[in-house]
1. Quote the convex hull volume per residue of the range 12-89, based on C-alpha atoms, as a whole number of Å³.
2. Going by alpha carbons, how many degrees (0 to 90, nearest 10) lie between the helix axis of 184-201 and the longest principal axis of the chain?
3. Looking only at Cα atoms, what is the convex hull volume of the range 125-249 per residue, in Å³?
4. At a temperature of 10 °C and a viscosity of 1.306 mPa s, determine how fast the range 188-230 diffuses translationally according to Stokes-Einstein, using the Kirkwood radius over alpha-carbon pairs as Rh; express D in µm²/s, rounded to the nearest whole number.
5. What does the convex hull of the alpha-carbon atoms of the range 132-205 project to on average, in nm²?
6. Of the beta bridges DSSP finds with both residues in the chain, what % are antiparallel, to the nearest 5?
7. Given charges of +1 on the Cβ of Lys and Arg and -1 on the Cβ of Asp and Glu, with all other atoms neutral, how large is the dipole of the chain about its Cα centre, in debye to the nearest 20?
8. Per residue and in Å³, how big is the convex hull formed by the alpha-carbon atoms of the range 12-142?
Amino acid sequence: MSQILSKNITFVGAGSMAEAIIRGLISEAGMQPEQLVAVNRSNEARLQELNKQYGIRYAAGVAGRNDAVASADIVVLAFKPSDAAQGLLDLKPILRKEQLLVSVIAGLSIDMMEAILGGTGWAIVRTMPNTSSTIGLGATGLSFSRGVSDAQRQLGEEMFRSVGIVSIVEESLMETIVGLSGCGPAYIYYMMEAMIEGGMSGGLTYEEAKRLTVQTVMGAARMVELSGEEPAELRRKVTSPNGATHAAIETMDHCGFTNTVSKAIRRATERSAEMGAAISASIASHTK
């Protein structure tokens, strides 16, 4: 039996990513709704919405919130990066080192979390999911603190496999995960915008250009997945010498398409590191 089926999980923060994980744990991992509890700082209406939608429990008020966190086997830290320092400081007296802490807070490193919590030895999973997790097709990077046991590693992996695929990396590579898959859906949407615009410039209606673009992108992704072939090889197979596709690719090359995308990913990676540094500075000011 899956380990996670015997655990109680409390979500601190009830935004879209917390909801995605809740949905995945119930529909894919097979957890019972009563094993899951959501708490947040003030928006009780949101907690009631999750209760109505998924049947999970929720706790409002400081006492109920604290009890839900203290009694959990796994605590998912899902609040905003701007609330990271104060949020963790508020939880510090309640958390236990036996618990598994799962962070979906962008830019918050394991070292920062340990500094706020007062030392090493905590079992922390740092994660970087992307927005496609909300439909069960996410790509999530995972890194583990030294305090995470093999069994707890498995729990972390099970959680995020319920919303897509996982990639286990050294924490130093987490910013690259942000630049590639964390921000990646936006790159594809941007490409789709351009494709739709191109179709419309050739005379198609917006609706038809969008419909064809969506199907083309889905089909291409599935072809890579199901065929097992490299994207470059599939591209070569549909690019006849001096044909229409060849002309299009040649134009993209002339405009620096590959270099532009690569530069964009590197810049997103750099920007993620910059934001992490800003959070670190904020945390340092809170913990002085």
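1. 89
2. For 184-201 against the chain, the angle is about 30 degrees.
3. 128
4. 146
5. Value for the range 132-205: 6.0 nm².
6. Taking every DSSP beta bridge within the chain, about 15 percent pair in antiparallel fashion.
7. Computed about the Cα centre, the dipole is about 420 debye.
8. With only Cα atoms used, the range 12-142 gives 103 Å³ per residue.
The values are calculated or read from the model by the stated rules, or taken from the named source; none is laboratory data. No experiment lies behind these values; they were computed from the predicted model shown. A quick note on method: Cβ atoms are made from the backbone with ideal geometry, for glycine too, and the neighbour counts reach across all protein chains shown. We work out accessible area using only protein heavy atoms, side chains counted, and drop any ligands, DNA or RNA first. Shrake-Rupley method; radii C 1.70, N 1.55, O 1.52, S 1.80 Å.
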